[in-house]
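The values are calculated or read from the model by the stated rules, or taken from the named source; none is laboratory data. Because the structure is a prediction, the values reported are computed rather than measured. Quick reminder, even Gly has a Cβ in these numbers, built from the backbone with ideal geometry, and neighbours come from all protein chains shown. Surface accessibility is based on the protein's heavy atoms, side chains included, excluding ligands, DNA and RNA. Shrake-Rupley method; radii C 1.70, N 1.55, O 1.52, S 1.80 Å.
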Amino acid sequence: MRRYLVGGAVRDRLLGLPGGDRDWVVVGSTPAEMVLAGYLPVGKDFPVFLHAQTKEEHALARTERKTAPGYHGFVFHAAPDVTLEQDLARRDFTINAIAEAEDGSLVDPFGGARDLGARVLRHVSPAFAEDPVRILRAARFLARFAPLGFTIAPETLALMRDMVAAGEVDHLVPERVWQELKKALEMPRPSAAIALLRACGALAKLLPEVDALYGVPQRPEYHPEVDTGVHVQMVLDMAARLAPGDALVGFCALVHDLGKALTPKDKLPRHIGHEHSGVRPLRAVCARYKVPAEFAAVAEIVCREHLNVHRIDELRPDTVHELLSRCDAFRKPQRVKQLALACEADARGRLGREEDDYPPARRLLALHDAAAAVSAGHAVAKGLSGPAVGDWLREARIDAIRAARASL
């Protein structure tokens with residue numbers, strides 16, 4: 001029995017990044033021997049065990065064989081005669097197919113260390129094409145590692161295009177698509193994920209509402225980058241900069257301008273009413289991928305209200321109050337910060353505007369703070385009850401917004 005550290009722990013150490021979970025491959029053993037050695041069995045589809053003390057995962061070396069379309073269609077084989085090289089051969093990318101022996105020596109049959117040095121994401125073998133989830137994983141890894149200079153290998157991109165053309169992405173289940181998309185939105189450069197999905201043709205299949213934004217022009221005085229798809233990529237990266245690791249704000253950035261793809265061609269490059277027309281395709285995306293309710297709710301708020309936030313100084317106090325009420329901001333105050341962040345990402349996700357100040361975010365937060373300081377308890381203390389409480393509360397909050405604006 002020999003064990004090897006594999007996967008992300010080895011990759012990230014070689015890149016000089018902080019280590020995460022440590023996973024091990026065990027060669028030359030059986031499930032019965034693992035249990036006798038004190039390991040705790042946890043695997044359902046194939047033999048995986050937890051170390052009794054460290055709780056780190058240990059999987060028996062295995063091979064896999066494609067038996068049906070999609071990512072569930074595999075049969076696994078684990079036995080003492082499966083070699084480490086055979087186990088590594090079934091992995092997705094060369095940078096994830098490096099093993100480290102307990103003495104610190106590396107086993108790298110597919111040149112993963114070389115590709116780490118060259119900053120290239122490359123598939124291990126043609127078997128990559130058997131699992132459509134690997135398209136999504138490629139996008140996620142690029143979103144994580146693009147800031148380090150990583151690019152996709154041309155032959156890997158070509159293989160991904162062949163997979164899309166063969167209909168492999170049609171077998172992806174919604175929950176898995178959302179899981180991988182959410183992870184990509186948590187990465188430092190989510191635009192790299194969207195760009196890669198578009199380059200291989202998967203974006204048009206999975207998120208046609210986003211794919212349709214490319215080539216749609218915007219007014220250059222407001223959007224020097226002109227192309228709406230390019231703008232969305234810039235907003236995504238700005239959201240990752242302003243709210244690192246926040247997938248909710250990232251999702252809002254991704255879908256905030258979907259209405260621009262629906263603008264009649266004779267109205268371009270103006271997009272009057274796009275904040276309202278974008279709600280329908282946004283809801284379609286959320287329904288397709290069973291997006292969590294709070295993600296869907298805040299994304300719709302951002303889609304509908306982002307222009308109002310941009311021009312918050314022009315809104316009357318009662319209009320600001322109605323905006324906050326539509327957001328359910330007095331019960332869910334975190335939504336105001338999420339809205340402010342997404343709107344700032346929209347304003348600064350434009351060519352040459354990346355370092356601009358964005359006062360509307362601060363003003364929105366200050367006006368909400370002032371209004372939220374007025375509570376129903378104040379009305380009750382005045383002896384009010386029933387509908388009179390709501391009427392008084394609305395007027396008092398509008399007065400608070402008016403007073404706060406005067407002091408800004």
(request) Run the dipole for the chain about the Cα centre, Lys and Arg Cβ at +1, Asp and Glu Cβ at -1, nothing else charged, and hand back the magnitude in debye, nearest 20. (result) 820
(request) Evaluate the distance, in nm, between pseudo-label points positioned 7 Å from the Cα of E85 and of D399 along their respective Cα→Cβ axes. (result) 8.2
(request) Please name whichever of G383, A139, A370 sits farthest to the positive end of the charge dipole of the chain, dipole taken about the Cα centre and charges placed at Cβ: Lys and Arg +1, Asp and Glu -1. (result) G383
(message) Looking at the chain as a GNM with Cα springs under 10 Å, which of D246, D12, D237 has the largest mean-square fluctuation?
(response) D12
(message) Leaving out ligands and nucleic acids, and using a 1.4 Å probe, what accessible area per residue does segment 159-297 come to in Å²?
(response) 41
(request) Using +1 at the Cβ of each Lys and Arg and -1 at the Cβ of each Asp and Glu in the chain, identify which of H310, Y358, L206 lies farthest towards the dipole's positive end. (result) H310
(request) Run the dipole for segment 346-401 about the Cα centre, Lys and Arg Cβ at +1, Asp and Glu Cβ at -1, nothing else charged, and hand back the magnitude in debye, nearest 20. (result) 140
(request) Determine ³J(HN,Hα), in whole Hz, for all residues of segment 285-300 in sequence, where each value follows from phi through the Karplus function 6.51 cos²θ - 1.76 cosθ + 1.60 and θ = phi - 60°; x replaces Gly and Pro. (result) 4, 5, 5, 4, 10, 6, 4, x, 4, 6, 4, 5, 5, 5, 4, 5
(message) Suppose the chain between L148 and R326 were pulled fully straight at 0.36 nm per residue; how much longer would it get relative to their current alpha carbon spacing?
(response) 60.0 nm
(request) Kindly state, to the nearest 0.05, the FRET efficiency for A32 paired with R241, given R0 = 60 Å and r defined as their beta-carbon distance. (result) 0.70
(request) Would you compute, from DSSP H runs of 4+ residues alone, the mean residue ellipticity of the chain at 222 nm, taking -39500 (n - 2.57) per run and dividing by the full residue count, rounded to the nearest 500? (result) -15000 deg cm²/dmol
(request) Please work out how much length the chain gains when fully extended from E355 to A204, using 0.36 nm per residue of separation minus the C-alpha to C-alpha distance, in nm with one decimal. (result) 51.2 nm
(message) For the chain, set up a GNM with springs between Cα atoms under 10 Å and report which of S277, S125, S375 has the largest fluctuation.
(response) S375
(request) Among the aspartates and glutamates, select those whose C-alpha is under 13 Å from the C-alpha of K260, and discard any that sit fewer than 8 residues away in the same chain. (result) E209, D211, D227, E275
(request) Enumerate by residue number the GluC sites (Glu not before Pro) in segment 177-281 meeting two conditions: DSSP loop (anything except H, G, I, E, B), and at most 12 other Cβ atoms within 10 Å of the site's Cβ. (result) E221
(message) At R0 = 22 Å, how high is the FRET efficiency between L50 and Q179 if r is their beta carbon distance? Nearest 0.05 is fine.
(response) 0.45
(message) Placing +1 on the Cβ of each Lys and Arg and -1 on the Cβ of each Asp and Glu in the chain, which of V279, V232, A9 has its Cα farthest towards the positive end of the resulting dipole?
(response) V279
(request) Calculate the spin-label point distance for T319 paired with L262, positioning each point 7 Å from the Cα along the beta-carbon direction, and give it in nanometres. (result) 2.3
(request) Please list the non-local residues whose amide H lies under 5 Å from the amide H of R62, H modeled 1.01 Å from N, same-chain partners needing a gap of 5 or more. (result) D87
(request) Keeping the other protein chains in place, figure out the carbon and sulfur percent of the accessible area of segment 88-172, with a 1.4 Å probe. (result) 51
